[in-house]
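I have placed the structure first, in the form of structure tokens, so that the comments after it can refer back to it.
Just so it is clear, none of the values below were taken in a lab; they were calculated from the coordinates. What you see is a predicted model, and the numbers here were worked out from it, not measured in a lab. Neighbour counts run over all protein chains shown; Cβ positions are idealised from the backbone, glycine included.
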């Protein structure tokens with residue numbers, strides 16, 4: 001090829017160069033939006049994925065909270081149901097079991113009648129009372145006890161009242177404390193059917209106490225109901241006014257501190 005031919009070809013290529021550059025720029029411009037769109041799409045997907053993960057996390061948290069709340073509610077309901085069931089069972093048992101109490105005698109509103117009271121030459125107390133089964137079931141191993149308290153110390157009086165029922169309950173349940181070589185005699189006592197009455201007389205004797213200004217005549221009866229559960233009922237009558245020496249005409253009234261049962265005593269201890 002001649003010099004002019006090569007020159008002509010070069011001129012043609014130079015003339016075509018702007019068009020090629022324009023085409024290349026157009027291609028670049030066309031490619032650039034696609035790359036940006038791809039990046040935006042990737043960012044959007046990442047944001048959506050993060051949002052979905054966050055949503056799933058919150059869902060799991062609320063599911064866990066709801067599960068624990070349901071468990072707590074079920075536990076509370078179960079506790080209430082158990083308490084109600086026990087109360088119903090207790091009421092059923094109480095309505096069917098034996099209930100022993102001291103019956104008022106004649107015109108007296110006291111649970112015990114003191115027939116004889118002497119302060120000299122010895123302290124002598126003779127009394128009688130009636131025990132009735134006011135319940136719906138039989139009472140077994142009925143064991144009454146009797147005591148006259150002359151100690152004015154309230155602490156000692158409380159101990160005496162507790163000892164009185166504890167002793168009766170030991171005999172009724174066959175748990176009387178004995179020496180290691182002595183056998184326990186086993187449960188002791190009689191039986192009382194519903195509405196049946198048991199009459200009992202007691203005597204008490206001690207050294208003369210001419211200056212004594214008050215005393216307590218106390219009694220407690222322990223027994224087992226037909227479900228073999230132990231119970232007791234206790235009374236106390238105060239004699240004297242605390243000012244004048246006791247005589248056969250001294251006033252007598254209920255001493256409310258010890259007119260109770262095993263159940264009322266448990267309720268009072270629970271409140272305290």
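Here the Debye sum runs over all C-alpha atoms of the range 147-272 as equal scatterers in vacuum, and log10 of I(q)/I(0) at q = 0.09 Å⁻¹ comes out as -0.33. Packing here is the average count of other Cβ atoms within 10 Å per residue, and on that basis the peptides 45-52, 143-150, 230-237, highest first, run 230-237, 143-150, 45-52.
The relative contact order of the range 100-271 comes to 26 percent, based on Cα pairs under 8 Å that sit 6 or more residues apart. In this entry, the range 164-218 is assigned a mean projected area of 6.6 nm², taken as a quarter of its C-alpha convex hull surface. Highest mean packing first, where packing is the average number of other Cβ atoms within 10 Å per residue, the peptides 190-199, 161-170 line up as 161-170, 190-199. For the range 136-185, what relative contact order do you get, as a whole percent, if you take Cα pairs closer than 8 Å and at least 6 residues apart? Contact order relative to length: 33 percent. The peptide list 105-113, 53-61, put in order of mean Cβ contacts within 10 Å with the highest first, becomes 105-113, 53-61. Take the alpha carbon gyration tensor of the range 101-162, find the square roots of its eigenvalues, order them as a ≥ b ≥ c, and report rounded if a/c is under 1.5; if not, report prolate when a/b exceeds b/c, else oblate. Oblate is the answer for the range 101-162, as a/c is 1.5 or above yet b/c matches or exceeds a/b.
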